[in-house]
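Inspection log for the structure reproduced underneath, given as structure tokens.
The values are calculated or read from the model by the stated rules, or taken from the named source; none is laboratory data. Here the structure is a predicted model, which means the values were calculated and not measured. Note that we place each Cβ from the backbone using ideal geometry, even for glycine, and neighbour counts take in every protein chain shown. Ligands, DNA and RNA are stripped out before the accessible areas are found, and what is left, the full protein with its side chains, is counted by its heavy atoms. Shrake-Rupley method; radii C 1.70, N 1.55, O 1.52, S 1.80 Å.
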Amino acid sequence: MHKLLAIALLSCSFTFGQGTAQKLQQATADLMASSPAYSANLSFFVSDESGNLVYEYQGNKGLSSASTQKIFTAAAALETLGSDYQYTTTVLHTGAINGNTLDGTLIISSNGDPTLGSWRYDGYKPQNFKAKLLAALKENGIQKITGDLYIDDSYFDFQTVPGGWPWNDIGNYYGAGVWGVNWRENQFDLDMTGKQMNGVNVELPGVKWINDLKTGGSSDQSLIYTAPFSEAAHINGVLPARRITVSGSMPNPPLTLGTEIAAWFKDSGVTFTGNIQSASMQRLNGETSQPTQGSKKILEYKSPTLDKIIYWFMRKSVNLYGENLIKTLGREKKNEGSFDAGITFLKDFWKAKGINTSMINFADGSGLSPQNYVSARAEVQALLWSKKQPWFNDFFEGFPTQGNGMKMKSGTMKNTKSFAGYYTSKDGKNYVFAIIINNYQGANSSDALYKVLNILK
């Protein structure tokens, strides 16, 4: 009798799994037969929590995945660096303090903290760094600085954006580059009313604007074109007549930070008579970088822990964090703070976890580059492996809840939409899935994919 019951239960379980697979197959067929998908490519893979296949459609096909690629970077960073990893920004000085005067250079150095001056973290905002810097000067009796303010941004290499990023992305806030010293997430905010530029929240030293905006419409349809170290910025497109904020990427975050610090000095009564310099600008000008050996530390400023950085990286899809983590992994594991070193490490990391490298052609750490190609099967394999790790809750906490009520990472670029995540159905089945579509021509690709994924509910 018990044997018959076991057989009956197994038969019911098989029928349920077969039913789900058949429904997914039908929903996928309907999607691909729709007119917006006439020239589309789809990669779709669903497994149970043990890794057993439920359904796939071209699961091995590498497609541009946009921000679902962040799962690879986030998981590798948590495993390699640890949830408690912190970045450090250090304030030092050369020379001597004579009375209340520093006869030397004040140095701001960092190992690439992407959160320095970010608005996202309580206790780590620009005013918090300002307060600690000014307090450190006061504790050391410094009221006058005769030397320079030197931003030592040499921790990473000179290339600040991945080579495959499109020109119409890198001037906008989501295309901000990575420096050895980052500031305010390397983002500036323009106060706009229609095509009129009212002001900018931070100074962009030396930058001149070309404004080709038009007023019209009801939403932000503008683009900013500028580049690392550029003194030219071009904004075009259309903005509504109402007041709106448009955000771009700083051409030179270290110099913007230095300029802001100089303003803090002036406001707080600290006399500063030197110049603002950075290691990258000295290299650009063919000058020898200022030595920092023998300097005295007066402040060590720690970042939030990596688990909190990963939360925002995943929840708000902060591309800067992904590229910063890539360079950090390159520097930590290959002693080279470059995109090439970090990407090589990332690919080797996932190869060691059993993913076929043909399915993970990484060009960056955030998914912004259209040169990235990743398969749905590879994303599911990464999700399955991550679920077994002690830091999994830190990883999964950042997954947003999407418009269909499922908690999953999304990816969006022109003609690209993707979702990846975990879901427990109403009858307790635990699924791990990824779906990527390219060249879908419909107005709402999210809704099209929701119709497929809702089968798992």
In the stretch 370-389, what count of residues is obtained for those that are open to solvent by 10 Å² or more (accessible area, probe 1.4 Å) and assigned to a loop (DSSP other than H, G, I, E, B)? 4
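For the stretch 266-288, which residues satisfy the criterion of being loosely packed, with under 15 Cβ neighbours inside 10 Å and under 29 Å from the mean Cα position of the chain (by Cα)?
Step one: list which residues in the stretch 266-288 are loosely packed, with under 15 Cβ neighbours inside 10 Å, which gives 266-269, 271, 273, 275, 283-288.
The answer is Arg283, Leu284.
Going through Asn140, Asn128 one at a time, which residue ends up being open to solvent by 40 Å² or more (accessible area, probe 1.4 Å) and free of Cβ contacts under 8 Å to residues at least 12 places away in the same chain?
Of the residues listed, the single one that is open to solvent by 40 Å² or more (accessible area, probe 1.4 Å) and free of Cβ contacts under 8 Å to residues at least 12 places away in the same chain is Asn128.
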Being at negative phi and at pLDDT 95 or above narrows Lys353, Lys414 down to just Lys353
Name the single residue, out of those in the stretch 306-335 being open to solvent by 30 Å² or more (accessible area, probe 1.4 Å), in contact with a Ser or Thr (Cβ under 9 Å, 6 or more places away or on another chain) and touching a residue at least 24 places away in the same chain (Cβ under 8 Å), that is farthest from Gln86 (Cα to Cα). Ser317
Only one of (1) open to solvent by less than 60 Å² (accessible area, probe 1.4 Å); (2) over 19 Å from Gly367 (Cα atoms) is not met by Glu185, so which one is it? (2)
Could you give me the residue pairs with C-beta distances under 7 Å whose first residue belongs to the stretch 260-288 and is free of Cβ contacts under 8 Å to residues at least 60 places away in the same chain, whose second residue is part of a helix (DSSP H, G or I) and open to solvent by 20 Å² or more (accessible area, probe 1.4 Å) wherever it lies, and which are 6+ apart or on separate chains? Met281/Leu255
Name the single residue, out of those in the stretch 307-355 being outside any helix (DSSP H, G or I) and over 18 Å from the mean Cα position of the chain (by Cα), that is nearest to Asn172 (Cα to Cα). Glu336
Could you tell me which residue of the stretch 47-73 is surrounded by the fewest Cβ atoms within 10 Å (Cβ to Cβ), considering only residues that are aliphatic (A, V, I, L, M) and within 26 Å of the chain's Cα centre (by Cα)? Leu63
Test Gly365 against the criterion of being among the small types (Gly, Ala, Ser) and open to solvent by less than 20 Å² (accessible area, probe 1.4 Å), and give yes or no. yes
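Can you tell me which of Gly398, Gly367 is in contact with a strand residue (DSSP E or B) (Cβ under 7 Å, 6 or more places away or on another chain) and either in a loop (DSSP other than H, G, I, E, B) or of a type in the set (S, T, N, Q) (or both)? Break it down into steps so the answer makes sense when it comes.
Values: Gly398 fails: in contact with a strand residue (DSSP E or B) (Cβ under 7 Å, 6 or more places away or on another chain).
Just a single option satisfies the conditions, and that option is Gly367.
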If you go through Pro205, Pro228, the only one that is assigned to a loop (DSSP other than H, G, I, E, B), touching a Gly at 6+ places or on another chain (Cβ under 6 Å), open to solvent by 20 Å² or more (accessible area, probe 1.4 Å) and under 22 Å from Leu149 (Cα atoms) is Pro228
It is to be established whether one or more residues within the stretch 75-88 are open to solvent by 30 Å² or more (accessible area, probe 1.4 Å), in contact with a helix residue (DSSP H, G or I) (Cβ under 6 Å, 6 or more places away or on another chain) and part of a loop (DSSP other than H, G, I, E, B). yes
Residue list for the stretch 289-305, filter: open to solvent by 80 Å² or more (accessible area, probe 1.4 Å) and touching a His at 6+ places or on another chain (Cβ under 8 Å): Lys296
Asn211 passes all but one of the listed conditions (1) open to solvent by 60 Å² or more (accessible area, probe 1.4 Å); (2) part of a strand (DSSP E or B); (3) under 29 Å from Gly330 (Cβ atoms); the exception is number (3)
State yes or no: is Ala434 surrounded by fewer than 23 Cβ atoms within 10 Å (Cβ to Cβ), in contact with a Ser or Thr (Cβ under 9 Å, 6 or more places away or on another chain) and among the aliphatic types (A, V, I, L, M)? no
